[in-house]
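The values are calculated or read from the model by the stated rules, or taken from the named source; none is laboratory data. Just so you know, these numbers come straight off a predicted model, no measurement behind them. Heads up, the Cβs are rebuilt from the backbone with ideal geometry, glycines too, and the neighbour counts pull from every protein chain shown. Note: accessible area is taken over every heavy atom of the protein model, side chains too, but ligands, DNA and RNA are not part of it. Shrake-Rupley method; radii C 1.70, N 1.55, O 1.52, S 1.80 Å.
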Amino acid sequence: MTDLTTLEAELTAQVAVAPDAASLEGLRVAALGKSGSISALLKSLGSMSPDERREQGPAINGLRDRIAAAIAERKAALETAELDQRLATERLDLTLPAPPRRKGSVHPTMQVMDEMVAIFAEMGFAVAEGPDIEDDFHNFTALNFPPKHPAREMHDTFFFNPGPDGERKLLRTHTSPVQVRTMRRGNTAPPAPWIAAGQEPPIRIVVPGRTYRCDSDATHTPMFHQMEGLVIDRNIHMGHLKWTLDTFVSRFFEAEGVVTRFRPHHFPFTEPSAEMDVQCDRSGGEIKIGTGTDWLEVVGCGMVHPNVLRNCGLDPDEWQGFAFGFGVDRLGMLKYGMPDLREMFAFDTRWLAHYGFSAFSVPNPASGLS
Ligand code: DAH
């Protein structure tokens, strides 16, 4: 009996001070495990006389139950203590300001395209698109660039290896091929759903897109963006072209009465051809639109050449039209004061954070464009 009392006192004392779950488990195994001290006592019951067993049985079973209960109690206490400790040390400080989330922004070129489309859409233009990888016919021949003509050299671009038919595809040098895709009457099954199909005149489209040339300096990059425009109808003349571009420019720069001038120029696909300049002030290292004595070229344009109409199956005696081609990135540089075109495509997110636009500022002529 004394042995049991001593053993219980010892075990109880050890359990009470077990510092953690592992040492408590060690104590449990040593007492109640297969070869534990209490298990050995329970086993010894079998070899006792019935009288002895009657006396020892309840004592040893009672000891086992009390020690098991003490261990369970200590275990719960340790778990509570551990939880309290974690709650005390891992508390979230909700008064701290949240770390700033990096916000994405809309690239100025995309913003400018959206602004341009908003203005032209209001004038009744639809958007048409074409592929970046073009063939010689759409990029040059149909647009009245004769084979070997020097004008092709100004459109020096990236050519692919010849295909099975011997033809070399190229990265389009301008968005003008989409004029051809839209005007061609036979073009009823374009190679992809988003590529312009042939339409019957009257036609009024703008064509935003990527274009490519072997060029790189502060105002030229190998990839850049253009927006083409095309109007085909009866009795269309230069006056319509001039009004359209003048109106566009004053809406785009959000300045009434921006002064423009048309200079004669040459493009193979228009006759007559012109470039339109915008009056500006370059003094002080900054470009200001709408004042000053300088001129800045913003768009090439002209009346669609009769050969182009014929190449697309339209009779020039019945249909006329005008076309124009803007450099979109250049317009953005002018409007938002970005000095170097190359930075627009340098993938520097700091540049984008500075010049980019909120995704929520969707341009529309009613609420303001920029
Ligand atoms: N395609 C010309 C270029 O990239 C720009 C252009 C000029 C387009 C006159 C036109 C146009 O539609 O009429 O240099």
Next on the checklist: With the requirement that a residue be within 15 Å of the ligand (Cβ to nearest atom) and either among the aliphatic types (A, V, I, L, M) or more than 34 Å from the chain's Cα centre (by Cα) (or both), what does region 153-170 give you?
Outcome noted: 153, 154, 170
Checklist entry - Say we look at region 216-228 and pick out the residues that are in contact with an Asp or Glu (Cβ under 8 Å, 6 or more places away or on another chain) and farther than 30 Å from residue 320 by Cβ; which of these is least open to solvent (accessible area, probe 1.4 Å)? => result 221
Item to check | Lone unmet requirement of (1) under 20 Å from residue 114 (Cβ atoms); (2) within 16 Å of the ligand (Cβ to nearest atom) for residue 301 | outcome: (1)
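In this structure, is residue 351 under 26 Å from the mean Cα position of the chain (by Cα) and at pLDDT 80 or above? Before the answer, list the steps.
Details: under 26 Å from the mean Cα position of the chain (by Cα): yes; at pLDDT 80 or above: yes.
Against the criterion (under 26 Å from the mean Cα position of the chain (by Cα) and at pLDDT 80 or above), residue 351 qualifies.
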Checklist entry - Does residue 129 satisfy being within 26 Å of the chain's Cα centre (by Cα), within 16 Å of the ligand (Cβ to nearest atom) and open to solvent by 10 Å² or more (accessible area, probe 1.4 Å)? => result yes
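Do we have any residue at all in region 198-209 that's away from the ligand (no atom under 14 Å from the Cβ), in a loop (DSSP other than H, G, I, E, B) and open to solvent by less than 30 Å² (accessible area, probe 1.4 Å)?
Taking region 198-209 as the starting set, the residues that turn out to be away from the ligand (no atom under 14 Å from the Cβ) are 198-202.
Among the residues that remain, those that are also in a loop (DSSP other than H, G, I, E, B) are: 198-202.
Adding the requirement that they be open to solvent by less than 30 Å² (accessible area, probe 1.4 Å) leaves 198, 201.
Yes; the residues of region 198-209 include at least one that is away from the ligand (no atom under 14 Å from the Cβ), in a loop (DSSP other than H, G, I, E, B) and open to solvent by less than 30 Å² (accessible area, probe 1.4 Å).
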Next on the checklist: Within region 295-309, does at least one residue satisfy the condition of being open to solvent by 50 Å² or more (accessible area, probe 1.4 Å), more than 20 Å from residue 174 (Cβ to Cβ) and under 37 Å from the mean Cα position of the chain (by Cα)?
Outcome noted: yes
Checklist outcome for this item: By residue number, the members of region 148-168 that are in a loop (DSSP other than H, G, I, E, B) and open to solvent by less than 90 Å² (accessible area, probe 1.4 Å) are 149, 156, 157, 158, 160, 162, 163, 166, 167
Checklist entry - Which ones in region 253-271 are acidic (Asp, Glu) and touching a Ser or Thr at 6+ places or on another chain (Cβ under 9 Å)? => result 254, 256
Checklist entry - Does any residue in region 64-81 that is among the acidic types (Asp, Glu) come within less than 9 Å, Cβ to Cβ, of a residue that is surrounded by 16 or more Cβ atoms within 10 Å (Cβ to Cβ) six or more places away or on a different chain, and which pairs are these? => result 73/15
Checklist entry - Is it fair to say residue 112 is part of a helix (DSSP H, G or I) and either touching a Gly at 6+ places or on another chain (Cβ under 6 Å) or exposed (fewer than 10 other Cβ atoms within 10 Å of the Cβ) (or both)? => result yes
Item to check | Count of residues meeting criterion [more than 14 Å from the ligand (Cβ to nearest atom), touching a residue at least 12 places away in the same chain (Cβ under 8 Å) and either crowded, with 24+ Cβ neighbours inside 10 Å or closer than 16 Å to residue 132 by Cβ (or both)] in region 171-197 | outcome: 5
Checklist entry - Would you pick out the residues in region 263-291 that are open to solvent by 20 Å² or more (accessible area, probe 1.4 Å) and touching a Lys or Arg at 6+ places or on another chain (Cβ under 7 Å)? => result 275, 281
Item to check | Tally, over region 241-260, of residues that are open to solvent by 70 Å² or more (accessible area, probe 1.4 Å) and either within 16 Å of the ligand (Cβ to nearest atom) or of a type in the set (Phe, Trp, Tyr) (or both) | outcome: 2
